[in-house]
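Report on the following structure.
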Amino acid sequence: MCGIVGYTGSDTAKDVLISGLKRLEYRGYDSAGVALERAAGPGGGATCLDIVRRVGKVAGLESELAHRDDASTCGIGHTRWATHGRPTTANAHPHTSCDGRIAVVHNGIIENFAELRAELESRGHRFASETDTEVFAHLIEEAYDGRPDAGIPATGDLMAAVRAACTRVVGAYGLAAVCADEPGVIAVARKDSPIVVGRGERGSYVASDVIALIDATRDVVVLEDGQFARLTPEGIEFSDEQGRPIEPDVTHIDWDIDLAEKGGYPDFMLKEICEQPRVVRDTLVGRLSPTGELDIDELGLSFEELDLIDRVYVIACGTSYHAGLIAKNLIEAWARIPCEVEAASEFRYRNPIITPSTLVVAVSQSGETADTLAAIRDARIKGAKVFGITNVVGSPVARESDGVIYTKANKEIAVASTKSFIGQIVSLTLLALLLGQVKGKLTVGQVRMLFRELGDTAAQIQWILDTQREAVHEAALACKDAPSALFVGRGMGAAISYEGALKLKEVSYLHAEAYAAGEMKHGPIALIDPGFPVIAVATDSPVYDKVVSNLKECEARGANIIALATEGDEDIRRIADHVIYIPPVRDAFCAITASVPLQLLAREVAVMRGCDVDQPRNLAKSVTVE
Ligand code: AGP
């Protein structure tokens, strides 16, 4: 998704901005740009704004800026992922007012953009882009200069003008603005779109993600909705919607920048896959009390409230939705509560049956996915209790839920979710165990045993990473030139298959579909020609024999069968062309282990096909707008 950076201080602004934008590249974008303040003539004089924008990578923008001098010490920058308007230079941020004296960068969406644009055009404003963001530049211009004919008084002050513009906008914004008439000042606003600011030794910084700031400072302020900040080289002033000064909460960032680097791996995706044993362990730390009961203190719901729950909805998107499919199996098995899993983008637009005894579990790695957030809000209005599972502390999902489990995956840089998916499954498993415990369907002894086995999956993942890479490589060779691939499984295996197909599609651009194996004969089997790759989750489970008989149907049609099987299962080799093993594990936990070879497979195929595994085309790390 889009990224914002801004800097005012004593260093060369273009260098600070480019390095910040590079840190934000992992979010996905299609164009980048900066606005730099410059003295207008060699002898000084009035300041003007130098706007440089490029379609494509930040490196292209950097090359362009190499021709500019180093004099500017204040500017704002942006990476854009197209929503309103195509990915063109004209639509890239920053956007400017009619006279070019005010420039803005913006993340989020302006819902009343069409009305505002029409209104501004009727007063003579000329628009240079198709974006919603540009209305901000013109609104700020009017508030700065005043429009007596429209009853708009002149503020003559950038911060006040930004605040006034925000009162006109319906929607979400993280915003940074500069004005040629106020050199060295950056005005910042936030509503429903993340903004962090911080003071370093050499100036003041703003970004949409703390990762862009941590080279300069580790003490940051995460702006709350409705808060504003005015940055100058000397300091930062915080204010509320009325312009009253406020005292901000400072957060100290204690994680290391190494986390944001590849740590010796060829790409972030592989690094993050390999971190999964740690994610399992960290997500479970401190969750079992000395008496053997589950302890989730950030639950936000009492055991009495949980006991009243009679229906669960898991709402999420993409990979997080697939974690929900796995949770459904566990919640229904252990707590005996009906559980439905819905894409948040569907849930929010229908009228689901929700009562005060409904628990809505919202799963989101980023904690800021627009559809998931909208679904949470809707569910709360309808009276549901909402429980969030997210990887980002203080994210909108965490803040807007009654309770939360954090997945402890740490920052996930690759666009494809891997370690956060494993963290989600572990967290959802904890929730299912807790519901089973509270509902009296699981004894303390059973919870303790299951918890221990859940923890064992860390070592099992490590075993897969240590021993199955070659088998994955062989399987990838069988897929890489295929026009398509089919993932099949039953029960837990079906849920894992959906995620396997999504991962392969998104990183390798190879078409893939997933089916419950029993559905093969109702249509998809028509796809199978000799050599067609069928990836089957055939691990030890109550439906193992059924999966094998489905595979026989594929074998009869000449499919190239890649089986995920349980270590020790030699029989599967009679039917499968390639076998990848996972260690023996209870079926309830096989999603955690069996997902790992599928992640490795998707990455391996993508690498063989020359794809950028960390930044697949057309995708962004989080989808904060529709
Ligand atoms: C998958 O690899 C993607 N990252 C994507 O499907 C993702 O899971 C989806 O966009 C939801 O994101 P969220 O978990 O941050 O809400």
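The values are calculated or read from the model by the stated rules, or taken from the named source; none is laboratory data. All values derive from a computational prediction rather than experimental measurement. Every residue, glycine among them, receives a Cβ derived from its backbone with ideal geometry; neighbour counts consider all protein chains shown.
Checked against (1) assigned to a helix (DSSP H, G or I); (2) within 16 Å of the ligand (Cβ to nearest atom), A514 passes all but a single condition, namely (1). The number of residues in the stretch 400-418 that are more than 9 Å from the ligand (Cβ to nearest atom), within 28 Å of L600 (Cα to Cα) and either small (G, A, S) or out of contact with any strand residue (DSSP E or B) (no Cβ under 7 Å at 6 or more places or on another chain) (or both) comes to 5.
This table checks each residue for (1) without any contact (Cβ under 8 Å) to a residue 12 or more places away in the chain; (2) under 14 Å from V361 (Cβ atoms); (3) within 16 Å of the ligand (Cβ to nearest atom); (4) surrounded by fewer than 22 Cβ atoms within 10 Å (Cβ to Cβ).
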{"residue": "T283", "(1), (2), (3), (4)": "no, no, yes, no"}
{"residue": "P290", "(1), (2), (3), (4)": "yes, no, no, yes"}
{"residue": "I296", "(1), (2), (3), (4)": "no, yes, no, yes"}
{"residue": "F303", "(1), (2), (3), (4)": "no, no, no, yes"}
{"residue": "D307", "(1), (2), (3), (4)": "no, no, no, yes"}
{"residue": "V312", "(1), (2), (3), (4)": "no, yes, no, no"}
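Taking the stretch 210-241 only, how many residues are part of a loop (DSSP other than H, G, I, E, B), over 20 Å from S193 (Cα atoms) and without any contact (Cβ under 8 Å) to a residue 60 or more places away in the chain? Matching residues across the stretch 210-241 total 3.
Here L330 fulfils each of the conditions (1) part of a strand (DSSP E or B); (2) crowded, with 22+ Cβ neighbours inside 10 Å; (3) more than 11 Å from the ligand (Cβ to nearest atom) apart from (1).
Only one residue in P356, P277 is touching a helix residue (DSSP H, G or I) at 6+ places or on another chain (Cβ under 9 Å) and away from the ligand (no atom under 15 Å from the Cβ). Which one?
P277
For the stretch 584-624, what are the residues that are within 12 Å of the ligand (Cβ to nearest atom), among the aliphatic types (A, V, I, L, M) and assigned to a loop (DSSP other than H, G, I, E, B)? Result: V613, L619, A620, V623. The numbered conditions (1) within 16 Å of the ligand (Cβ to nearest atom); (2) farther than 24 Å from F303 by Cα; (3) touching a helix residue (DSSP H, G or I) at 6+ places or on another chain (Cβ under 7 Å) are all true for V397 except (2). Does any residue of the stretch 371-392 turn out to be in a loop (DSSP other than H, G, I, E, B), within 13 Å of the ligand (Cβ to nearest atom), at pLDDT 90 or above and under 27 Å from I413 (Cα atoms)? Within the stretch 371-392 (the criterion being in a loop (DSSP other than H, G, I, E, B), within 13 Å of the ligand (Cβ to nearest atom), at pLDDT 90 or above and under 27 Å from I413 (Cα atoms)), the answer is no, since none of the residues qualifies. In the stretch 21-40, which residue that is modelled with pLDDT of 95 or more and in contact with a Cys (Cβ under 8 Å, 6 or more places away or on another chain) is nearest to S129 (Cα to Cα)? Ranking the qualifying residues of the stretch 21-40, first place goes to L36.
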